[in-house]
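*Asks:* Pasting in a structure now, in structure tokens, and then I'll have a few things to ask.
The values are calculated or read from the model by the stated rules, or taken from the named source; none is laboratory data. Just so it is clear, the model here is predicted, and its values are computed rather than measured. Note that we place each Cβ from the backbone using ideal geometry, even for glycine, and neighbour counts take in every protein chain shown.
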Amino acid sequence: MNNGREPGPRRLFRDRENGIVAGVCAGIADYFGFDVTITRIIVVIGLFIFLPTTLIAYIVLALLLPTKSRESSRVRDDASETLQRRVRSAPHSTLDNIRHRFREVDGRLQRLEKYLTSKRFKLDREFESLRD
């Protein structure tokens, strides 16, 4: 039961806002970090190959899965959405990528700090003040 709280980041639900029929494909795509279009294509191919099984599974999921609440579907920027999708699909490589980017930013910050505390910075500021 939801108890008024928004679902966790790894909860399977139906996404009626991004869905076409019942939002099952959109919810599955969001849960696994897939593209919604690819998920829909796989379901349609499954309908052609395994008609009764796929149809029954879709109906059961449509009836049993909770719908995504409007509170949890608040507006997010594209970068946040992309990051969440990457974390769901490949958490280790995403974490390594973020760690690498933080190291780069930390190195740049250290170089900036070193420059700001150097005599060269003071000298550059003096020359700038003479130009004005």
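*Asks:* Among (1) farther than 19 Å from ARG85 by Cα; (2) at pLDDT 90 or above, which single condition is ASN3 missing?
*Replies:* (2)
*Asks:* Moving on. Of the numbered conditions (1) at pLDDT 85 or above; (2) closer than 18 Å to PHE34 by Cβ, ARG88 fails exactly one; give the number of that condition.
*Replies:* (1)
*Asks:* Continuing with the same structure: Could you please find all residues in region 75-132 being under 28 Å from ASN18 (Cα atoms), surrounded by 11 or more Cβ atoms within 10 Å (Cβ to Cβ) and of a type outside the set (Gly, Ala, Ser)?
*Replies:* Scanning region 75-132 gives ARG76, GLU81, THR82, LEU83, GLN84, ARG85, ARG86, VAL87, ARG88, PRO91, THR94, LEU95.
*Asks:* Scan region 51-67 and report the pairs whose first residue is surrounded by 11 or more Cβ atoms within 10 Å (Cβ to Cβ) and whose second residue is among the aliphatic types (A, V, I, L, M), with Cβ atoms within less than 6 Å and a gap of 6+ or a chain change.
*Replies:* So the pair list comes out as THR54/LEU47; TYR58/VAL24; LEU61/VAL24; ALA62/ALA22; ALA62/VAL24.
*Asks:* Somewhere in region 36-46, is a residue out of contact with any strand residue (DSSP E or B) (no Cβ under 7 Å at 6 or more places or on another chain), hydroxyl-bearing (Ser, Thr, Tyr), loosely packed, with under 12 Cβ neighbours inside 10 Å and closer than 30 Å to VAL21 by Cα?
*Replies:* At the first step, the residues of region 36-46 found to be out of contact with any strand residue (DSSP E or B) (no Cβ under 7 Å at 6 or more places or on another chain) are 36-46.
If we keep only those that are hydroxyl-bearing (Ser, Thr, Tyr) as well, we get 37, 39.
Next cut, loosely packed, with under 12 Cβ neighbours inside 10 Å only: 37.
Still in the list and also closer than 30 Å to VAL21 by Cα: 37.
Yes, region 36-46 contains at least one residue that is out of contact with any strand residue (DSSP E or B) (no Cβ under 7 Å at 6 or more places or on another chain), hydroxyl-bearing (Ser, Thr, Tyr), loosely packed, with under 12 Cβ neighbours inside 10 Å and closer than 30 Å to VAL21 by Cα.
*Asks:* Having 2 or more residues that are among the β-branched types (Val, Ile, Thr) is the bar; report the helices (runs of 4 or more DSSP H) wholly within region 33-132 that clear it. Walk me through it before giving the result.
*Replies:* Numbers: elements: 36-49, 51-64, 78-89, 91-116, 119-131.
By residue number, 36-49, 51-64, 78-89, 91-116.
*Asks:* What do you reckon, is LEU65 within 23 Å of GLY23 (Cβ to Cβ) and in contact with a strand residue (DSSP E or B) (Cβ under 8 Å, 6 or more places away or on another chain)?
*Replies:* Against the criterion (within 23 Å of GLY23 (Cβ to Cβ) and in contact with a strand residue (DSSP E or B) (Cβ under 8 Å, 6 or more places away or on another chain)), LEU65 qualifies.
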